[in-house]
Amino acid sequence: MRKSIRNILLSSAAMLLPMMGAAQTEVTTYTPGVTAEGITYFLPRTEFVIRVTATVIHYTPGDFRPYAERYLRLNDIPREAYDSWQIDNVSIYSIGTPDENKVFSVKLRQKTSAPLVSLTHDGILLSINAEEKDNNVVPAAPAPVKTSTKLNPRDYMTQEILAAGSVSKMAELTAAEIYDIRESRSSLAKGEADNMPKDGEQLKLMMNGLDTQEKALLQLFKGSLTTETRTFDFAYTPTEDKQDILFRFSRKLGPVEADNLAGEPVYISVKDKHTVPAPQPVDKKKKEVDDVRYIVPSDAEVKVFSSATTYATGTYPVAQFGNIEHLGPELFNKRMETQVHFSPVTGNVSKLNLPQP
């Protein structure tokens, strides 16, 4: 993740030289081995991180499962352990990654006043003449949450059950104990028990104790369930209006990668809404202005869905669908202390402080 910014004093060398007339900050397209000494920065490419929150139910058969129908008339008890997954929530986050096709260099010149440039950890332009915190991160994924209904049945077995010589006999005695528990609970509910509680609170405690005993012993026949909630992140960088398989989802395996055919496809579609005009043709005879570049992004509709369900939708600005623009060559001369903040996700100007010269 992007954890910090780098603050580079571009004019530290210039401070040792005589003050000269106003000059422009020169920014050129970066060419390795050719570009003059300076600070190189990237404009961003917008990437989407799709966070899937899913819950899995682990089923474990009980030791007495083969005797469930014989002694308790319980049918359709699963024979084998299994996992069952479901998707609970899908969230869409956008972050910026360096676009290697949009790299520029700020030349170190002694007659300009663009003294402070802030970059992200991986070189995306954050601000000029201002401190800027790098928030180009996705929130940390929560830790898995596990819950279990499993009790230890041996804590509720009678001495006779524990001393039985075979599994079949233990199952028979356990079933008999379950019926006794149910009879005791029924007597308490009807007020016919030999030792009735003195008040409602004591009755509630006794009923809860019987419920727990029955639940623990029934697990030996019906099995036990453990649930676990996890998060999965899938990254996607759009390049055009397109629909792709983002990941696949299996009831047995949960979210899996797009090339794992064990699951059903979950798609992502990104459609450019063309909220900025198309760029004008470049006049190759006209020299390009050497100034700070930024991006005016275009909005795009993002949708995550399967054949049966739409999980998430939203409209997000996308850098690569927008246009590169120029801030102007006069903003950072000696008479201007312009402060500019940029979005590391879209490359757009998020804040501009333009004091009087």
Considering region 318-347, residues that are modelled with pLDDT of 90 or more and open to solvent by 50 Å² or more (accessible area, probe 1.4 Å), and then whichever is nearest to the chain's Cα centre (by Cα), we arrive at Ile324
Worksheet entry | Boolean, Lys169 is part of a helix (DSSP H, G or I), charged (D, E, K, R) and farther than 30 Å from Val56 by Cα | yes
- For Lys215, are the conditions met, namely being surrounded by 14 or more Cβ atoms within 10 Å (Cβ to Cβ) and under 28 Å from Leu173 (Cα atoms)? yes
Looking across region 156-169 at residues that are open to solvent by less than 30 Å² (accessible area, probe 1.4 Å) and not β-branched (Val, Ile, Thr), the single one that is nearest to Gly200 (Cα to Cα) is Met157
* **Any hit, region 186-205, residues being at pLDDT below 95, open to solvent by less than 20 Å² (accessible area, probe 1.4 Å) and in a helix (DSSP H, G or I)** => yes
* Output yes when any residue across region 141-152 is within 30 Å of Ser343 (Cβ to Cβ), open to solvent by less than 20 Å² (accessible area, probe 1.4 Å) and within 36 Å of the chain's Cα centre (by Cα), and no when none is. => no
### Message
Would you confirm whether or not region 287-294 contains a residue that is among the basic types (Lys, Arg), open to solvent by 80 Å² or more (accessible area, probe 1.4 Å) and closer than 30 Å to Gln339 by Cα?
### Response
yes
Restricted to region 112-156 and to residues being of a type in the set (Gly, Ala, Ser) and touching a His at 6+ places or on another chain (Cβ under 7 Å), the residue modelled with the lowest pLDDT is Ala130
Has region 260-272 got any residue that is within 24 Å of Ala140 (Cβ to Cβ) and open to solvent by 60 Å² or more (accessible area, probe 1.4 Å)? no
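The values are calculated or read from the model by the stated rules, or taken from the named source; none is laboratory data. Computed from a predicted structure; not experimentally measured. Cβ coordinates were reconstructed from backbone atoms using ideal geometry, including for glycine residues, and neighbour counts include every protein chain displayed. Keep in mind that these areas ignore ligands, DNA and RNA; they rest on the heavy atoms of the full protein, side chains included. Shrake-Rupley method; radii C 1.70, N 1.55, O 1.52, S 1.80 Å.
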